[in-house]
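S.K.: Below you'll find the structure I mean.
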Amino acid sequence: MRVLLVEDEPDLGKAIDRTLKQEKYIVDWALDGSEAWEYLDSQWTQYNLAIFDWLLPGLSGLELLRRLRAKNSALPVLMLTAKDRMEDKVAGLDAGADDYLVKPFGMAELLARLRALQRRSPQIQPQQLQVENLVLDCGNRTVCHLDPSGNSQIISLTNKEFQLLEYFMKHPNQIITTDQIRNQLWEASADSFSNVVAAQVRLLRRKLESVGDANLIETVHGVGYRMKN
Ligand code: CA
């Protein structure tokens, strides 16, 4: 799950960013509306959820929302605002906000609202993905290998290995470039070394090898990778 957070108050932004990362979201944090629009307009990165503060330098959260919906994006958006006046709430919902949270709020409530948005989202992924004998459960975040007699063995993965495998399993038989993987699975602000993807793929392959699925992810030399199905 990749989230775009747009919040100009440093303390609040930092707190939300930290909370979301603890919950295994991949987070890009923009401090103003113009920066946020650059993230949203990028063809490289796809978000699953967005959190827009209402009052922002540059473009307001409301303006961001209007631009997004004008592009026919169905990205679920939670609006944050210090205002609790009814007309603001109506304007936000009219502009296409999916939910609304009035400051100050607790992190537990924010997380609950995001989970609800994920459940209602039209772009929600299937609960389970299967490629060959590998079954990935997006809900409880487990991966199993099924043997021919139907027994399943859980494969223990780190968070990054899980995200990487999930990405491959959502795009079976497609060539995925190293840049695509880096843009989708690493934070934009991350100091990404060119070999960070290759290193992570190597670790994931080692785990898959332990259950006999070492050849599922093939290297397409000079380009990237492909998951065979
Ligand atoms: Ca603000």
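S.K.: How about the stretch 6-59: which of its residues are touching a residue at least 40 places away in the same chain (Cβ under 8 Å) and of a type in the set (D, E, K, R)?
M.R.: Hits for the stretch 6-59 are Glu7, Asp8, Glu9, Glu23, Lys24, Asp28, Asp53.
S.K.: Do we have any residue at all in the stretch 150-167 that's modelled with pLDDT under 90, part of a loop (DSSP other than H, G, I, E, B) and on the phi > 0 side of the Ramachandran plot?
M.R.: yes
S.K.: Here is a follow-up. Among the residues that make up the stretch 84-107, is at least one of them in contact with a strand residue (DSSP E or B) (Cβ under 7 Å, 6 or more places away or on another chain), more than 21 Å from Arg120 (Cα to Cα) and either more than 16 Å from the ligand (Cβ to nearest atom) or polar (S, T, N, Q) (or both)?
M.R.: Within the stretch 84-107, not a single residue is in contact with a strand residue (DSSP E or B) (Cβ under 7 Å, 6 or more places away or on another chain), more than 21 Å from Arg120 (Cα to Cα) and either more than 16 Å from the ligand (Cβ to nearest atom) or polar (S, T, N, Q) (or both).
S.K.: Okay, moving on. Considering each residue of the stretch 60-74, count those that are touching a residue at least 24 places away in the same chain (Cβ under 8 Å), small (Gly, Ala, Ser) and open to solvent by 30 Å² or more (accessible area, probe 1.4 Å), and give that number. Before you say what the answer is, go through the steps one by one.
M.R.: Going residue by residue through the stretch 60-74, those that are touching a residue at least 24 places away in the same chain (Cβ under 8 Å) are 60-69, 73-74.
Narrowing further to those that are small (Gly, Ala, Ser): 60-61, 73-74.
Next, only the ones that are open to solvent by 30 Å² or more (accessible area, probe 1.4 Å) stay: 60, 73-74.
Matching residues across the stretch 60-74 total 3.
S.K.: In addition: Would you point out which residue out of Asn229, Asn140, Asn215 is part of a loop (DSSP other than H, G, I, E, B), open to solvent by 80 Å² or more (accessible area, probe 1.4 Å), out of contact with any Gly (no Cβ under 6 Å at 6 or more places or on another chain) and in contact (Cβ under 8 Å) with a residue 60 or more places away in the chain?
M.R.: Working: Asn140 fails: in contact (Cβ under 8 Å) with a residue 60 or more places away in the chain; Asn215 fails: in contact (Cβ under 8 Å) with a residue 60 or more places away in the chain.
Only one candidate passes the filter, namely Asn229.
S.K.: Further, regarding this structure: Just checking: which of the strands (runs of 3 or more DSSP E) contained wholly in the stretch 1-66 hold 3 or more residues that are touching an Asp or Glu at 6+ places or on another chain (Cβ under 8 Å) and within 16 Å of the ligand (Cβ to nearest atom)?
M.R.: 2-6
S.K.: Another question, then. Residues to consider are Phe52, Phe105; find the one that is open to solvent by less than 10 Å² (accessible area, probe 1.4 Å) and among the aromatic types (Phe, Trp, Tyr).
M.R.: Of Phe52, Phe105, the one residue that is open to solvent by less than 10 Å² (accessible area, probe 1.4 Å) and among the aromatic types (Phe, Trp, Tyr) is Phe52.
S.K.: In addition: Name the residue, out of Gln163, Gln127, Gln153, Gln118, that is out of contact with any Leu (no Cβ under 6 Å at 6 or more places or on another chain) and either within 16 Å of the ligand (Cβ to nearest atom) or open to solvent by less than 40 Å² (accessible area, probe 1.4 Å) (or both).
M.R.: Residue meeting the stated conditions: Gln118.
S.K.: Could you please find all residues in the stretch 198-216 being at pLDDT below 90 and not acidic (Asp, Glu)?
M.R.: Here is the first cut: in the stretch 198-216, the ones at pLDDT below 90 are 210-215.
Correct list: Ser210, Val211, Gly212, Ala214, Asn215.
S.K.: Scan the stretch 3-48 for residues that are closer than 29 Å to Arg141 by Cα and open to solvent by 50 Å² or more (accessible area, probe 1.4 Å) and report the count.
M.R.: So the count comes out to 10.
The values are calculated or read from the model by the stated rules, or taken from the named source; none is laboratory data. Note that the structure is a prediction, hence the values are computed from the model and not measured. Using ideal geometry, Cβ is built from the backbone for each residue, glycine included, and neighbour counts are taken over all protein chains shown. We work out accessible area using only protein heavy atoms, side chains counted, and drop any ligands, DNA or RNA first. Shrake-Rupley method; radii C 1.70, N 1.55, O 1.52, S 1.80 Å.
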